[in-house]
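Colleague: Okay, here's the structure, questions in a sec.
The values are calculated or read from the model by the stated rules, or taken from the named source; none is laboratory data. This is a predicted model, so every value here is computed, not measured. So basically every Cβ, Gly included, is an ideal-geometry build from the backbone, and we count neighbours across all protein chains shown.
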Amino acid sequence: MTPLTPATLAAELQKLPLHNETALRVIALLDDPDVEVTDLGRLIQTDPGLTTRALKLANSTFFGRRTEVTAIDKAIVAVGFSTVRTFALAAAFDLFTEKGVSLPKNFWHHAIASAAGTTVMARRLRMSAGDAFSAGLIHDLGVALLHRYDTTAYESRITPDMPEEEAILVEREVFGIDHCQAAAMTLTEVRFPRVLVDAVALHHDPVRRRWRSRPDLSAVVTIGQLLGGLITPTGGVVATDQMDIWLGALGLNIPSRTIVSELVTTYSEVTGYIAI
Ligand SMILES: [Fe+2]
Ligand SMILES: [Fe+2]
């Protein structure tokens with residue numbers, strides 16, 4: 001197999017089945033600094049999946065709205081560009097469907113669980129829940145890309161229950177890069193904002209080295225996806241002694257049972273936004 005470099009990965013990306021043309025156009029339009037919300041709304045409306053998800057999320061308790069949002073323009077403003085961009089990216093890469101496309105086992109559950117974990121942490125730190133939700137949802141995009149690039153090689157060496165830290169070492173051996181690098185290259189290629197690219201690129205690095213006065217988005221994603229890893233497919237949480245250390249790494253001194261109950265509630269909310 002040819003090792004993946006930025007150049008080969010870019011070439012491979014062209015071959016991926018990007019089914020959703022509207023989603024790609026949404027990503028391109030969001031590139032334009034002068035983009036008008038009305039133009040974006042008009043384009044999104046041509047895709048029922050994106051429209052439904054944006055409206056559902058805008059009307060959810062997630063953003064604490066009291067009045068109902070029925071217009072797509074208002075929904076875009078409510079959920080923010082980073083969330084719209086992430087939904088579009090997930091649709092473009094066919095991450096929303098498990099039918100007919102190859103995704104590693106448990107990929108989607110881990111994505112949603114991690115989005116719940118990052119959201120809980122962002123709320124606790126009074127940071128943007130939209131950015132944290134987006135970064136959490138997309139943080140393991142690289143896993144899907146490597147798996148799709150060579151499914152046989154991936155599945156022969158990486159098992160679904162292998163800890164991610166161990167899988168990363170195998171990925172480097174098999175593909176020449178790991179899933180953090182693969183996702184960072186891809187997100188850079190589709191011009192995702194730097195702050196989201198960095199958060200995804202660093203999500204397996206130790207948190208403490210990265211921030212001094214205040215945790216940043218990448219620290220939130222690192223800890224949020226670890227918390228997400230404790231959420232079972234049925235929505236329960238397997239608490240561990242590690243939780244206190246993880247919360248401490250973000251400067252949070254909160255009983256882990258409080259976080260467990262917030263994770264359970266948020267996971268069920270997030271599952272509701274994503275499913276149509
Ligand atoms: Fe990861
Ligand atoms: Fe992960």
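Colleague: Going by the structure shown, is Ala116 in a helix (DSSP H, G or I), more than 13 Å from ligand 1 (Cβ to nearest atom) and within 26 Å of Phe62 (Cα to Cα)?
Modeller: yes
Colleague: Now for a different question. Report those helices (runs of 4 or more DSSP H) wholly inside region 130-218 carrying at least 1 residues which are over 22 Å from Ile27 (Cβ atoms) and either within 15 Å of ligand 2 (Cβ to nearest atom) or out of contact with any helix residue (DSSP H, G or I) (no Cβ under 6 Å at 6 or more places or on another chain) (or both).
Modeller: Ranges flagged: 151-157, 164-175.
Colleague: How many of the residues in region 152-180 are within 11 Å of ligand 1 (Cβ to nearest atom) and surrounded by 14 or more Cβ atoms within 10 Å (Cβ to Cβ)?
Modeller: Of the residues in region 152-180, 7 are within 11 Å of ligand 1 (Cβ to nearest atom) and surrounded by 14 or more Cβ atoms within 10 Å (Cβ to Cβ).
Okay, residues lined up against (1) of a type in the set (Ser, Thr, Tyr); (2) modelled with pLDDT of 85 or more; (3) part of a helix (DSSP H, G or I):
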{"position": "Glu12", "(1), (2), (3)": "no, no, yes"}
{"position": "Leu18", "(1), (2), (3)": "no, no, no"}
{"position": "Asp34", "(1), (2), (3)": "no, yes, no"}
{"position": "Leu40", "(1), (2), (3)": "no, yes, yes"}
{"position": "Thr52", "(1), (2), (3)": "yes, no, yes"}
{"position": "Arg65", "(1), (2), (3)": "no, no, no"}
{"position": "Glu68", "(1), (2), (3)": "no, no, no"}
{"position": "Asp73", "(1), (2), (3)": "no, yes, yes"}
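Colleague: Let me ask you something else. Do you know which of the residues in region 115-160 that are under 14 Å from the mean Cα position of the chain (by Cα) and among the hydroxyl-bearing types (Ser, Thr, Tyr) is nearest to Ala90 (Cα to Cα)?
Modeller: Ser134
Colleague: For region 245-254, indicate whether the set of residues that are closer than 24 Å to Val84 by Cα and either within 16 Å of the chain's Cα centre (by Cα) or in a helix (DSSP H, G or I) (or both) is non-empty.
Modeller: No, the conditions are met nowhere in region 245-254.
Colleague: May I pose another question? Answer yes or no as to whether Phe192 is more than 13 Å from ligand 1 (Cβ to nearest atom), among the aromatic types (Phe, Trp, Tyr) and more than 30 Å from Gly272 (Cβ to Cβ).
Modeller: Judged against the criteria, Phe192 is not a match.
Colleague: For the condition under 30 Å from Leu252 (Cβ atoms), in contact with an Asp or Glu (Cβ under 7 Å, 6 or more places away or on another chain) and crowded, with 23+ Cβ neighbours inside 10 Å, what is the one hit in Ala115, Ala135, Ala111, Ala122?
Modeller: Exactly one of Ala115, Ala135, Ala111, Ala122 is under 30 Å from Leu252 (Cβ atoms), in contact with an Asp or Glu (Cβ under 7 Å, 6 or more places away or on another chain) and crowded, with 23+ Cβ neighbours inside 10 Å, namely Ala111.
Colleague: Tally the residues that are part of a helix (DSSP H, G or I) and over 13 Å from the mean Cα position of the chain (by Cα), restricting the search to region 227-239.
Modeller: Counting residues in region 227-239 that are part of a helix (DSSP H, G or I) and over 13 Å from the mean Cα position of the chain (by Cα) gives 1.
Colleague: Right, another one. Please go through (1) within 16 Å of ligand 2 (Cβ to nearest atom); (2) at pLDDT below 95 for Leu263 and return the number of the only condition it doesn't satisfy.
Modeller: (2)
Colleague: Continuing with the same structure: Would it be correct to say that Gly130 is at pLDDT below 90, of a type outside the set (Ser, Thr, Tyr) and buried (at least 19 other Cβ atoms within 10 Å of the Cβ)?
Modeller: Yes, satisfied.
Colleague: How many residues does region 203-252 contain that are loosely packed, with under 15 Cβ neighbours inside 10 Å and within 16 Å of ligand 1 (Cβ to nearest atom)?
Modeller: Number satisfying all stated conditions: 2.
Colleague: Which residues, counting only those in region 120-159, are touching a residue at least 12 places away in the same chain (Cβ under 8 Å) and β-branched (Val, Ile, Thr)?
Modeller: Within region 120-159, Val120, Ile138, Val143, Thr151, Ile158 meet the criteria.
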